[in-house]
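What follows is one structure encoded as structure tokens, with my remarks underneath.
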Amino acid sequence: MTKILVVDDQLGVRRLLFETFKEDQHEVEMAANGVEALRLLKSFEPELILMDMKMPGMNGLETLGQIRALDSQVGVIMMTAYGDTQNMEQAKDLGILHYMAKPFDLFELRERVKMILPTT
């Protein structure tokens, strides 16, 4: 069973992704912010992180930088409602696998995750 960490400050988005990927037989944990995400990165050791770009406190880019300092291999899909080209480029430079615009198509996200993670 592969592990997915969902990082988003919106509870509704976290719950939707949690339920979706649980249903797809993944082990899923949720974090409401970057600090929680970094704590869970160490204890949960996910294969994939689905992370929002805009979060209070530590934003997605700052969190991604910290994640890369701890784990250069974990896959990251970045999600945002703001199409900021500069942020997208920075995220790509930090090695994200994919960039999803919000609101995202859940079926498209599920397919992307299936392509990234090995089947169980």
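The values are calculated or read from the model by the stated rules, or taken from the named source; none is laboratory data. All figures in this text were calculated on a predicted structure; none of them were measured in a lab. All Cβ positions, even for glycine, are placed from backbone atoms using ideal geometry, and neighbour counts span all protein chains on display. Areas reflect the complete protein model, heavy atoms only, side chains present, ligands, DNA and RNA absent. Shrake-Rupley method; radii C 1.70, N 1.55, O 1.52, S 1.80 Å.
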So which of K22/K114; K42/K102; K54/K102 end up more than 22 Å apart by C-alpha? K42/K102
Option label - Rg and Dmax of the Cα atoms in Å computed here, alternatives (i) 16.3, 62; (ii) 12.8, 36; (iii) 15.6, 48: (ii)
For I67 the rounded accessible area (nearest 10 Å², probe 1.4 Å, non-protein molecules ignored) is 0
Whole Å is fine, so just give me how far the alpha carbon centre of the range 22-43 lies from that of the range 54-95. 15
What residues have an amide H closer than 5 Å to that of V28, excluding those fewer than 5 places away on the same chain, when H is modeled at 1.01 Å from N in the peptide plane? I4
Provide the per residue accessible area, probe 1.4 Å, for the chain, rounded to a whole number of square angstrom. 53
For V35 paired with Y99, estimate the spin-label separation in nm (one decimal), with each label point 7 Å from Cα along the Cα-to-Cβ line. 2.9
Leaving out ligands, DNA and RNA, and with a 1.4 Å probe, what % of the accessible surface on the range 3-113 is carbon or sulfur? 48
